[in-house]
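These notes are about the structure you will find just below.
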Amino acid sequence: QKEVEQDPGPLSVPEGAIVSLNCTYSNSAFQYFMWYRQYSRKGPELLMYTYSSGNKEDGRFTAQVDKSSKYISLFIRDSQPSDSATYLCAMSGVTGGGNKLTFGTGTQLKVEL
Amino acid sequence: GAGVSQSPSNKVTEKGKDVELRCDPISGHTALYWYRQSLGQGLEFLIYFQGNSAPDKSGLPSDRFSAERTGGSVSTLTIQRTQQEDSAVYLCASSFRVSEQFFGPGTRLTVL
């Protein structure tokens, strides 16, 4: 079993829909949680960064972390065709300094007109 | 520059040849990471450099892979005697704060 599980999709939604993307994980040492967006043939782009449990909002994006359930979510409101991409969750357990990220396999999202 | 840059963007090589991939991190970022992204495997950690500390090489898949970081800035990932299973996108990331890693565009390596 992988440390981080993510539904690969593809997920297809109409423009304007609310999108919910999720990851589960097994390593209780993870403290830092990130969501990346990756367009085809591009590098991952950091969208949201959360430490420990709680919610964080940035524009149309909301990240939630529930450490008790080992479950993280990314919500996209008023989805746009430009949101069509692969969304990767990532997490790390470092307590000081930098450390490696463990990634989910990514969810492919398509927002249709 | 404004972001992480990598070169070349694409590399095609023959099995058995050595390749070098370059990464220029964001100025001022003390940590540098290499990852590999391949179909079916997702994004996998390879190696991590932090300042003058010894690198964390725990993700390197074999002794054919090595990396160095000169002067705390530019890094080179070297793959010796390339194999077809080395074909992947090699991504470099840098960070200043814990775990906020910023990625470059990647080098797409194809081993024939």
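The values are calculated or read from the model by the stated rules, or taken from the named source; none is laboratory data. Computed from a predicted model, the values in this text were never measured in an experiment. Neighbour counts are summed over all protein chains in view; Cβ atoms, including those assigned to glycine, are modelled from backbone coordinates with ideal geometry. With ligands, DNA and RNA removed, areas are computed over all heavy atoms of the protein, side chains included. Shrake-Rupley method; radii C 1.70, N 1.55, O 1.52, S 1.80 Å.
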TODO: First measure r as the distance between the Cβ atoms of A:ASP78 and A:ARG41, then evaluate 1/(1 + (r/R0)^6) with R0 = 30 Å and state the FRET efficiency to the nearest 0.05.
DONE: 0.70
Task: Only Lys, Arg (+1) and Asp, Glu (-1) charged, at Cβ; the range A:19-113 dipole about Cα centre in debye - done: 240 debye
- [ ] Excluding B:LEU109 itself, calculate the net charge of residues whose Cβ lies under 15 Å from the Cβ of B:LEU109, where each Lys or Arg counts +1 and each Asp or Glu counts -1.
- [x] +3
Task: Dipole of the range B:5-112, positive direction: furthest Cα of B:LEU112, B:ILE26, B:SER94, with charges on the beta-carbon - done: B:LEU112
TODO: Have a look at B:ARG97, B:ARG36, B:ARG69 and tell me which one the Gaussian network model of chain B (Cα, springs below 10 Å) gives the largest fluctuation.
DONE: B:ARG97
TODO: Considering only A:TYR51, A:TYR25, A:TYR36, give the residue with the highest GNM mean-square fluctuation for chain A, with springs between Cα atoms whenever their separation is below 10 Å.
DONE: A:TYR51
Open item on the list: Can you give me the C-alpha center-to-center distance between the range A:2-52 and the range B:1-50, rounded to a whole angstrom?
Closed with: 21 Å
Task: Extended-chain gain in nm, criterion 0.36 nm per residue less alpha-carbon gap, B:GLU68 and B:SER38 - done: 8.6 nm
Open item on the list: For the interface of chains A and B, what total accessible area is buried with a 1.4 Å probe, rounded to the nearest 100 Å²?
Closed with: 1700 Å²
- [ ] With springs connecting C-alpha atoms under 10 Å apart, model chain A as a Gaussian network and identify which of A:ASN22, A:ASN99, A:ASN55 has the largest mean-square fluctuation.
- [x] A:ASN99
Task: Probe 1.4 Å, accessible area per residue of the protein assembly as shown, Å² - done: 48 Å²
Task: Portion, in percent, of the accessible area of the range A:1-103 that falls on carbon or sulfur, probe 1.4 Å - done: 47 percent
Task: Share of carbon and sulfur in the accessible heavy-atom surface of chain B [1.4 Å probe, %] - done: 46 percent
